[in-house]
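One structure is given below, encoded as C-alpha cells.
Every read-out reported here was derived from the displayed coordinates using simple, explicitly stated rules and does not represent laboratory data. Bear in mind that the values here come from a model prediction, so they are computed numbers and not experimental data. Here the Cβ positions follow ideal geometry from the backbone for every residue, glycine too, while neighbour counts run over all protein chains shown.
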Amino acid sequence: MTQSKNEFSQQQLLERVNSVKIADGNPRVRALVARVVTDLFKAIDDMDVTPDEFWAATDWLARLGASGQVGLITAGLGFDRLLDIRLDEADAKAGIAAGTPRAIEGPLYVAGAPLSKGEAVLDDDSTLLGTGKVLVMEGQVLDHEGKPVAHALMDVWHCNEKGGYSHFFPGMKDFELRRKIETDAQGNYRFRTTLAPGYAIPPNSPTSELFEALGRHGHRPAHIHFHVVAEGKRTLTTQINIPGDTYIDDDFAFATRDGLVLSIEHGVAPTGYESLGVKAPVERAKFNFVMQKAVSDSDTDPRTRMERVQS
Ligand code: MBD
Ligand code: FE
C-alpha cells in the first residue's frame, strides 16, 4: 500500500507544519514557532478543545489586538514579571544583584514627555487637580558605590484619580502626569504630583472578559513608574508603590516588590517647595534610586521595551 502524502495523523501534521519551508527563514523564529505550535497541538488534544472553543479563542485574540490591550494581558498573565524574574536570576548568577530592584515597565509608557532640570510638576495641568492629596517625592539617583549620578534622565509616569493614563484615557491632556527629569549635579531629583490611586483594567473589554472568566480581579495597587537612564549605567525600569493600598500584595500584574514601597510623611510644611507650587502641607516621600554599572551595550540602551523592538 502506498502512503498518502496528504492524509495526516496529528503527529504527521505537526511534523509537516514544523518542517515545511522554501527558504531558510529565521532559525530562531522557526525554532520558537515550532515549539509553540507543538505545545498548542498537545494542549488541544490533551484538553479536548472543541472547534467552538478554538474559534472563540481566535476571535478573542483578534479583538484583543484591535483593542490595544495585549500589554494588559501579558502583565495579568504574569509574563512581564516572569521576564524580570529571569533577569534577576541572571544577575544573581553573575553576582550583580544589588541596587534598586527592577519592576515591570507596563504597557502605558509614552515617549516624548516634557523635560525639565532637577524638578518637575506632574499634575500642573490635571483636570482633576484638587481631588487628591499632593505628593512630593524627592531623592537622588546614585551609582552602585553610592555616588550621585548627575544628569541622569528619569521618565516618570502614573495615572490620575480615575486610574487613567494620559494618551490612553479619554479627556486627558498630552503628557498629563508624565515628565522627564534630569538630575542636577548632585544627582538630585524632585517632583510634585497628585497622589495616584490604583489602576483597574477597562470594563467591557477583551481583558476584563478573560479576567472575569478566570475569576480574577484586574486591579493594580497605586504605583508610579520610572525609567532612568545615565551614561555608563544600566538603564533602570522600576515602579514605586504607595503604602496602604488594598491591592499592594495582590497586584493583578504581580509587579509589587519589596524595597519599592514608599514611606510617606504626612503634613510636611511646604517650606522649600515653593518652586513646585506647593502652598499647603503635603505628603512627602524620600527615595533614592541606585543604578547598576553597565556590563554590556544592551545595559546602557536608553530605550524602553517597545522602542527596543520597533525599529
Ligand atoms: C498599569 O498601570 C500597569 O502599570 C501595568 C503593568 C499593567 C496595566 C496597567
Ligand atoms: Fe501603571
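Before moving on, here are some points about what is shown:
- Qualifying residue in segment 38-56 (condition: in a loop (DSSP other than H, G, I, E, B), in contact (Cβ under 8 Å) with a residue 12 or more places away in the chain and acidic (Asp, Glu)): no
- Exactly one residue out of ILE242, ILE264 is more than 13 Å from the chain's Cα centre (by Cα) and within 16 Å of ligand 2 (Cβ to nearest atom), and it is ILE242.
- Here ARG284 meets the list (1) in contact with a strand residue (DSSP E or B) (Cβ under 9 Å, 6 or more places away or on another chain); (2) in a loop (DSSP other than H, G, I, E, B); (3) surrounded by 19 or more Cβ atoms within 10 Å (Cβ to Cβ) almost entirely, failing just condition (2).
- Scanning segment 97-110 for residues that are surrounded by fewer than 15 Cβ atoms within 10 Å (Cβ to Cβ) and touching a residue at least 40 places away in the same chain (Cβ under 8 Å) returns a single hit, ALA98.
- Within segment 86-96, restricting attention to residues that are surrounded by fewer than 17 Cβ atoms within 10 Å (Cβ to Cβ) and charged (D, E, K, R), the residue that is farthest from GLN292 (Cα to Cα) is ARG86.
This table checks each residue for (1) among the acidic types (Asp, Glu); (2) within 16 Å of ligand 1 (Cβ to nearest atom); (3) under 29 Å from LYS293 (Cβ atoms).
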| position | (1), (2), (3) |
| --- | --- |
| GLU105 | yes, yes, yes |
| GLY112 | no, no, yes |
| GLY118 | no, no, yes |
| GLU138 | yes, no, yes |
| PRO148 | no, no, yes |
| GLU161 | yes, yes, no |
| SER166 | no, yes, no |
| PHE169 | no, yes, no |
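- Taking the criterion of being assigned to a helix (DSSP H, G or I), farther than 27 Å from ALA200 by Cβ and more than 15 Å from the chain's Cα centre (by Cα), the residues of segment 59-101 that qualify are ARG86, ASP88, GLU89, ALA90, ASP91, ALA92, LYS93, ALA94.
- All positions within segment 131-170 that are touching a strand residue (DSSP E or B) at 6+ places or on another chain (Cβ under 8 Å) and of a type in the set (Lys, Arg): LYS133
- Within segment 210-220, if we keep just the residues that are over 12 Å from GLN69 (Cα atoms) and touching a residue at least 40 places away in the same chain (Cβ under 8 Å), the residue that is surrounded by the fewest Cβ atoms within 10 Å (Cβ to Cβ) turns out to be ARG216.
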